[in-house]
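Please read the structure below before turning to the comments.
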């Protein structure tokens with residue numbers, strides 16, 4: 001079993017949607033999006049999300065496939081206002097539990113970082129992780145992310161508040177910036 005990691009395209013929209021709905025339903029405290037709202041979105045929403053746009057070069061999703069089945073995903077979303085174009089946010093890292101402990105999460109994350117480093121205008125990445133999700137925080141720290149704050153009560157699931165840990169990675173340390 002050799003996993004394949006590749007950039008998702010509109011052809012992957014159905015598999016992407018199914019896996020996204022699964023992660024939102026199974027782990028509502030881990031994601032800002034809500035399963036019922038996502039379920040109400042048509043497949044065309046996923047097609048649009050996975051369609052490359054030349055004016056949004058920092059937006060893409062990667063998928064991990066095992067035996068042809070998409071079992072993991074992660075995305076990058078850029079910010080495109082003039083003063084923010086050097087920033088992007090990592091979102092939606094998920095690996096199906098039956099494929100956990102195989103290093104797929106780390107492989108997806110490394111593939112995303114490698115692709116992000118190839119984007120010449122991108123200087124820094126950020127992400128949020130639900131406070132208490134130590135496994136994810138350890139992964140992110142291992143790849144150079146540092147905590148820069150806590151957003152208390154960032155999401156509410158079934159009446160319970162969850163804080164989000166805010167993390168950052170400088171892709172081009174100041175000594176390398178021109």
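With the condition kept exactly as written, say whether any residue in region 119-138 is assigned to a loop (DSSP other than H, G, I, E, B), within 19 Å of residue 72 (Cβ to Cβ) and modelled with pLDDT under 95.
Initial filter on region 119-138 (assigned to a loop (DSSP other than H, G, I, E, B)): 119-123, 131-133.
Still in the list and also within 19 Å of residue 72 (Cβ to Cβ): 133.
Adding the requirement that they be modelled with pLDDT under 95 leaves 133.
Yes, some residue in region 119-138 is assigned to a loop (DSSP other than H, G, I, E, B), within 19 Å of residue 72 (Cβ to Cβ) and modelled with pLDDT under 95.
I'd like the full set of residues that are without any contact (Cβ under 8 Å) to a residue 12 or more places away in the chain and not in a helix (DSSP H, G or I), limited to region 164-178.
Our first condition is that a residue be without any contact (Cβ under 8 Å) to a residue 12 or more places away in the chain; within region 164-178, this holds for 173-176, 178.
Across region 164-178, the qualifying residues are 173, 178.
Is it the case that some residue within region 140-153 is in a loop (DSSP other than H, G, I, E, B), out of contact with any helix residue (DSSP H, G or I) (no Cβ under 7 Å at 6 or more places or on another chain) and closer than 19 Å to residue 34 by Cβ? Talk me through it step by step, then tell me what you get.
Residues of region 140-153 that are in a loop (DSSP other than H, G, I, E, B), as a first pass: 143-145.
Imposing the further condition that a residue be out of contact with any helix residue (DSSP H, G or I) (no Cβ under 7 Å at 6 or more places or on another chain) reduces the set to 144-145.
From what's left, closer than 19 Å to residue 34 by Cβ: none.
No, region 140-153 contains no residue that is in a loop (DSSP other than H, G, I, E, B), out of contact with any helix residue (DSSP H, G or I) (no Cβ under 7 Å at 6 or more places or on another chain) and closer than 19 Å to residue 34 by Cβ.
If you check every pair at least six apart or on different chains, which have Cβ atoms under 8 Å apart with a residue in region 41-59 that is at negative phi and at pLDDT below 95 first and a residue that is loosely packed, with under 13 Cβ neighbours inside 10 Å and assigned to a loop (DSSP other than H, G, I, E, B) second?
Here the result reads 57/121, each pair linking region 41-59 to a residue that is loosely packed, with under 13 Cβ neighbours inside 10 Å and assigned to a loop (DSSP other than H, G, I, E, B).
Looking only at residues that are within 18 Å of the chain's Cα centre (by Cα) and in contact (Cβ under 8 Å) with a residue 60 or more places away in the chain in region 137-163, which one is nearest to residue 27 (Cα to Cα)?
Per the criteria, the residue is 155.
The values are calculated or read from the model by the stated rules, or taken from the named source; none is laboratory data. Every value quoted in this text rests on a predicted model; they were computed, and no experiment measured them. Glycine also receives a Cβ, built like all others from the backbone with ideal geometry; neighbour counts cover every protein chain displayed.
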